[in-house]
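We did not get these values from a lab; they are worked out from the coordinates using the rules stated. Since we're looking at a predicted model, the values are computed, not measured. As a convention, Cβ positions derive from the backbone with ideal geometry for all residues, glycine included, and neighbour counts pool all protein chains shown.
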């Protein structure tokens, strides 16, 4: 029985060794974002959740709520500059409670007509699982322009 049990245990341990689904990316994401901010010379603010944001244009005084429907033009990319998604100049409309947590929080920092950058750690993005071309644990950067609060 021992002859069979040891190989099975080894296979299970080796097979689980590359699984990022349980990995905590918090520290590595934070360092990746800080390195990016330094390299790009950004003046970013860190929120309590770990989201970093840059306000290039604050926009109007009225800001959306986390439950607001908004229209946002954006470009999403990784810290190496590879673009994974982009809207057209008019933007797309959606409800802020139906998107990643980094957007639900981050878009509320801008008034209508405002623009800036969201630097989203994976726990506020697509987590350890990723989505489509976005790998698990990925830091996401978004250039955003809040076109309107609908």
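Quick look at the values:
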quantity	calculated
Helix-only mean residue ellipticity at 222 nm for the chain, each DSSP H run of n ≥ 4 adding -39500 (n - 2.57), per residue, nearest 500	-7500 deg cm²/dmol
Ellipsoid equivalent to the stretch 25-131 - semi-axes via the Cα gyration tensor, in Å	21, 16, 14
Förster-model FRET efficiency, 22 Å R0, residue 87 and residue 48, C-beta, rounded to 0.05	0.20
Modelled FRET efficiency - R0 30 Å, residue 57 with residue 22, Cβ distances, 0.05 increments	0.15
Estimated distance in nm for a label pair at residue 97 and residue 129, the labels positioned 7 Å out from Cα along Cα-to-Cβ	2.1
Cβ-based exposure ranking for 93, 87, in which fewest neighbours within 10 Å come first	93, 87
Order of 123, 82, 147 - criterion: other Cβ atoms within 10 Å of each residue's Cβ, fewest first	82, 123, 147
Ranking of 52, 25 by count of other Cβ atoms within 10 Å, fewest first	25, 52
